[in-house]
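K.L.:
The structure is given below, and queries will be raised subsequently.
The values are calculated or read from the model by the stated rules, or taken from the named source; none is laboratory data. Keep in mind it's a predicted model, so treat the numbers as computed, not measured. Ideal geometry is used to build each Cβ from the backbone, glycine not excepted, and the neighbour counts take in all protein chains shown. Surface areas here come from the heavy atoms of the whole protein model, side chains and all, with no ligands, DNA or RNA. Shrake-Rupley method; radii C 1.70, N 1.55, O 1.52, S 1.80 Å.
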Amino acid sequence: QRRSVAPDAFTADERPDLRPGPGPRACQLHQAGAAGAAGAALSPLSAVAAAAAGVLAAASPNDVAYGVGQCFLHRRQNYRGVIVGVDRECRQSEAWVSAMHVGQLKHGRTQPFYHVLADTRDRPGDGIGYVPQELLLLDTPPEPLQHPLTASLFGSYDARRGRFL
């Protein structure tokens, strides 16, 4: 069962806005104002930002379901992590897609892919991963995950909601 963060998880000036950028880290976390008037149609990028703020639930496997700061469990490799960015579809090279067997995934390369930090207690080192949406299971741990980059990417951890802010 998918759990999501309540829309009030951020104040208007704290809502994440994911803006495309170059290379494998195609989306960066930025602070922005409110996503727009209620009921207004959202552009694809605004929809990504709204999902990151926990405002939207994924209606289809190709919709962004999780946001920056949300914690997860990897369904196959059983490690904990936190989301630090999202691409609406896989943006890696054909060689990477082939090596990672992305074509064998139920939703392939057209589903959202997330830039993630793995908890160092589960995967030692300072690894940054790229994970398809279908392999993420939302988690709300009572204490923050451990990774050397969390302090520089996030301002705090909300234990009540189980997410980084």
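K.L.:
Can you tell me which condition Leu135 does not meet? The list is (1) modelled with pLDDT of 95 or more; (2) open to solvent by 60 Å² or more (accessible area, probe 1.4 Å); (3) closer than 20 Å to Asn78 by Cα, and all the others hold.
P.N.:
Going through the list (1) modelled with pLDDT of 95 or more; (2) open to solvent by 60 Å² or more (accessible area, probe 1.4 Å); (3) closer than 20 Å to Asn78 by Cα, Leu135 breaks only (2).
K.L.:
Looking at the range 96-114, can you tell me whether even one residue there is open to solvent by 10 Å² or more (accessible area, probe 1.4 Å), under 12 Å from the mean Cα position of the chain (by Cα) and under 18 Å from Leu149 (Cβ atoms)?
P.N.:
No, the conditions are met nowhere in the range 96-114.
K.L.:
Exactly one of (1) touching a His at 6+ places or on another chain (Cβ under 9 Å); (2) not in a helix (DSSP H, G or I) is unmet by Tyr114. Its number?
P.N.:
(1)
K.L.:
Look at Val82 and say whether it is modelled with pLDDT under 50 and within 24 Å of Pro142 (Cα to Cα).
P.N.:
Working: modelled with pLDDT under 50: no; within 24 Å of Pro142 (Cα to Cα): yes.
Against the criterion (modelled with pLDDT under 50 and within 24 Å of Pro142 (Cα to Cα)), Val82 does not qualify.
K.L.:
Cβ-Cβ under 7 Å, sequence separation 6+ or interchain: first residue in the range 114-132 and closer than 16 Å to Arg88 by Cα, partner open to solvent by 40 Å² or more (accessible area, probe 1.4 Å) and charged (D, E, K, R). Which pairs?
P.N.:
Pairs that qualify, where the first residue is closer than 16 Å to Arg88 by Cα and the partner is open to solvent by 40 Å² or more (accessible area, probe 1.4 Å) and charged (D, E, K, R), are His115/Arg25.
K.L.:
The conditions are (1) free of Cβ contacts under 8 Å to residues at least 60 places away in the same chain; (2) in a strand (DSSP E or B), and Leu138 fails exactly one of them. Which is it?
P.N.:
Evaluating Leu138 over (1) free of Cβ contacts under 8 Å to residues at least 60 places away in the same chain; (2) in a strand (DSSP E or B) leaves (1) as the failure.
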